[in-house]
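Visitor: Quick one: this structure, given as structure tokens, is what I'll be asking you about.
Derivation of every value follows stated rules applied to the coordinates shown; laboratory data play no part. Because the structure is predicted, anything quoted here is derived from the model rather than measured. Cβ placement follows ideal geometry from the backbone for every residue including glycine, while neighbour counts extend to all protein chains displayed.
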Amino acid sequence: MTRIGAAKFKEQCLSLIDRVGPEGIIITKHGRPVAKLVPFETRPPRLIGCLKAKLKIRGSLLSTGLKWRAES
């Protein structure tokens with residue numbers, strides 16, 4: 001992740017805004033992080049299907065896997 005001092009950020013602000021990557025830029029003051037410049041996402045991530053091929057289902061989705069006997 002790119003780090004830049006606040007004074008240098010002030011000088012190059014417009015060009016940095018044009019070049020900011022998805023990981024962002026950390027702005028520091030006296031070596032301490034004070035802000036982070038990240039690109040604005042205009043489209044929210046898709047929730048439906050985002051975990052496809054990342055999860056594996058084991059067993060039945062409709063069962064707890066426990067056997068129990070109900071009293072009459």
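Visitor: If you put +1 on each Lys and Arg Cβ and -1 on each Asp and Glu Cβ, how big is the dipole of the chain around its Cα centre, in Debye rounded to 20?
Guide: So the dipole magnitude of the chain works out to roughly 280 debye.
Visitor: How big is D for the chain, in µm² s⁻¹ as a whole number, if Stokes-Einstein is applied with the Kirkwood radius of its Cα pairs at 10 °C and 1.306 mPa s?
Guide: 93
Visitor: Still on this model: Keeping to pairs on different chains or 8 or more places apart, tell me how many lysine pairs in the chain have Cα atoms under 29 Å apart.
Guide: 5
Visitor: Next question, about the same structure. Compute the helix-to-body angle for 6-19: its Cα long axis versus the longest principal axis of the chain, expressed 0 to 90° and rounded to tens.
Guide: 60
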